[in-house]
1. By average Cβ neighbour count within 10 Å, what is the ranking of B:133-143, B:314-324 from highest down?
2. Between B:Lys295, B:Lys121, B:Lys230, find the one with the highest GNM mean-square fluctuation for chain B; connect C-alpha pairs within less than 10 Å.
3. Can you list residues whose amide H is under 5 Å from B:Ile220's amide H, if they're 5+ apart or on another chain and H is modeled 1.01 Å from N?
4. Kindly write out, for the range A:177-193 in residue order, the coupling ³J(HN,Hα) from the Karplus curve 6.51 cos²θ - 1.76 cosθ + 1.60 (θ = phi - 60°), rounded to whole Hz, with x marking Gly and Pro.
5. Per residue of B:232-238, count partner chain C-beta atoms within 10 Å of its C-beta, then hand back the mean as an integer.
6. What FRET efficiency comes out for the pair B:Leu145/B:Trp243, r = Cβ-Cβ distance, R0 = 41 Å, nearest 0.05?
7. Between the range A:154-181 and the range B:278-345, what's the alpha-carbon centroid distance in Å?
8. Taking the dipole about the Cα centre of chain B, with the C-beta of Lys and Arg at +1 and of Asp and Glu at -1, give me whichever of B:Val207, B:Ala158, B:Pro140 is farthest to the positive side.
Amino acid sequence: MCRRFRTALLVLAAIVSVSPAAGQQFPQYRPPRMADGHPDLNGIWQALVTANWDLQDHEAQSGPHPEVMGAYGAGPAGQSIVEGGEIPYQAWALEKKRQNFEKRATADVSSDKKWHEIGDPEFKCYMPGVPRATYMPFPFRIVQGSSPYILMAYEFTSATRIIRMNWKGEAPTPSWMGWSRGRWEGDTLVIDVTGQREETWLDRAGDFHTEELHVVERYTPVSPYHLMYEATIEDPGVYTRPWKISFPLYRRLEKNVQLLEFKCVPFTEDLLFGRFGKEAGK
Amino acid sequence: MNRLCILAGLIAAVSMSPIAGQAPKSAQKAASKGTPAAKKPPAFRTPWGEPDLQGVWNDATSTPLQRPGGIGTKDVLGDEEAAEFQAQLANDLTRDRRDGGPEVDVNRAYNDHWMDARRLKITADHRTSLIVDPPDGRIPPAVPLSPERQKARAERAAANARFNAGLPDHYTDMSLPVRCIIRTDSPPYLPTIYNNDFQIFQSPGYVTIAPEMIHSARIIPLDGRPHLGKNLRQWLGDSRGHWDGDTLVVETTNFRTDDGVTFQGSNPETFKITERFTRVDATTLNYEFTVEDPKTWTKPWTAIIPWNKIDPAEQMYEYACHEDNYDIVHFLTGARAREKRGETK
């Protein structure tokens with residue numbers, strides 16, 4: 001008697017027990033499902049960590065031009081989201097990171113070859129790459145339907161990336177948002193990201209990578225309002241070993257909330273191209 | 001007994017996910033809607049019961065927006081005339097001819113290497129224009145412009161002239177597509193030389209259109225919510241959709257007032273665009289748009305463009321634009337160099 005209920009309970013228990021990450025902080029949770037039986041991750045999500053300023057521990061800091069920007073340009077303090085606290089850089093790479101940071105708010109596009117040499121790509125409104133797109137101070141939407149593709153749409157510079165589910169083919173060429181292949185592991189969406197342009201940075205502190213960057217992201221629903229996000233970051237060109245970041249993503253719940261535009265190209269044109277205009281320098 | 005089981009199940013479900021009662025609507029809908037096994041669902045339906053538009057579509061065609069002069073009043077051609085029409089259009093569109101002199105050659109620098117081959121074929125139904133209303137296949141006559149708009153148009157024309165002469169003063173002399181702000185991602189969607197792909201995603205309560213050029217996603221809510229407030233304008237406007245039978249109807253307002261944002265320089269305050277997406281069969285979708293603006297055209301007009309599903313082996317790729325927009329610097333440094341040499345034209 002009551003067999004159906006008991007079976008359902010057993011299935012539930014099995015699913016819950018294999019569900020990873022969440023365990024420590026969240027009560028057991030069974031997310032709503034899409035028709036294919038996988039969790040429904042649709043919604044607008046946003047990180048609240050300050051990792052876009054610095055993945056590691058950081059104090060509140062003034063912006064690059066406090067004499068003009070005052071407290072407007074300043075950044076908040078924050079705790080490291082890196083497992084173990086520090087990014088395991090190879091010795092030489094720390095120096096490069098320091099140089100990146102020093103010139104983070106500069107740009108020089110006078111030569112095609114040196115186009116990307118200095119300045120934070122965010123400063124120039126370039127697409128942020130992965131995982132940075134996830135912890136920028138802007139929301140993003142996960143669009144999940146019944147096709148073999150999931151779309152991630154980010155508010156920052158209207159960047160998008162397509163997650164190809166159970167896809168075999170490799171990245172045809174490097175791109176700013178990379179080549180994302182997804183699969184489900186229980187209730188966790190796992191995304192393998194390769195083929196990223198070497199020019200993207202990981203934060204405003206100058207943290208960087210090469211084209212060998214390999215990111216494995218994990219999105220696990222832990223309540224109707226939270227996804228746990230975890231990413232393993234590997235790049236033998238820069239780091240001594242793979243390392244991990246994790247933080248929660250929060251569902252945006254405001255009435256009628258929608259992803260808006262942050263098309264920042266017009267905010268950077270004077271900086272990048274103003275000096276080549278007719279009146280410039282006169 | 002049975003009732004007890006259900007009750008026990010309910011209690012268990014509630015206690016295992018304590019705040020599920022507040023789960024977002026879309027999730028609830030997706031979870032609760034199942035297809036009854038006995039009833040066969042109609043073709044091209046999502047699991048949650050809406051017409052299924054998902055896939056990567058291509059809107060390239062050589063059929064012109066407006067019916068060309070000289071072709072008479074025929075809106076649809078017979079096979080033989082159609083072949084001739086297509087050959088003529090392909091010849092006009094090709095960039096590899098060398099019969100225009102050096103200046104024209106420069107403007108054909110994006111040669112046939114860049115050309116989407118589908119751009120050289122007319123629509124399968126052999127129409128002579130994409131415009132279906134008015135019946136003459138032409139954009140209705142223009143309404144006289146206000147002095148302010150006349151001035152703005154003249155300024156834009158002067159900037160275009162400087163750019164085309166290779167002497168742009170400033171980056172603002174360049175159009176929004178050249179500046180990588182908006183390209184073919186702003187409605188209405190019209191065929192162009194390359195990157196005519198659009199991927200449609202659907203999720204309960206939303207249709208999302210991702211045009212390849214430029215990497216933006218137009219996320220269209222279908223829940224009847226109001227448009228954004230009038231002081232919140234966007235480069236791609238603000239879209240709301242609903243189903244009219246099997247057709248997705250999308251209305252877009254709240255376009256920014258910057259020069260070049262609204263279609264054909266129409267007035268952002270009064271411009272209205274309605275798009276209709278209808279799945280025809282496994283490989284075709286009908287895209288229809290109607291634009292109206294009493295301050296620009298004497299009456300509304302409508303065009304239909306067939307969208308064809310692309311070969312699954314073909315893919316949507318990232319179209320980065322601003323990130324390596326060397327052209328802007330080349331155009332401007334070229335202009336400064338020419339000014340130094342005293343060239344003014």
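1. Packing order, densest peptide first, comes out as B:314-324, B:133-143.
2. Checking each option, the largest mean-square fluctuation is seen for B:Lys230.
3. Long-range HN contacts for B:Ile220: B:Val207, B:Thr208, B:Ile209.
4. Residue by residue, the range A:177-193 yields 9, x, 10, 10, 10, x, 7, 9, 10, x, 8, 9, 7, 10, 10, 9, 10 Hz.
5. Average per residue, whole number: 3.
6. For R0 = 41 Å, the calculated efficiency reads 0.65.
7. One Cα centre to the other: 22 Å.
8. B:Val207
FYI, it's all coordinate maths here, none of it is from the lab. The structure presented is a predicted model; accordingly, all values stated were derived computationally and were not measured. With ideal geometry, Cβ positions are generated from the backbone for all residues, glycine too; neighbour counts draw on all protein chains shown.
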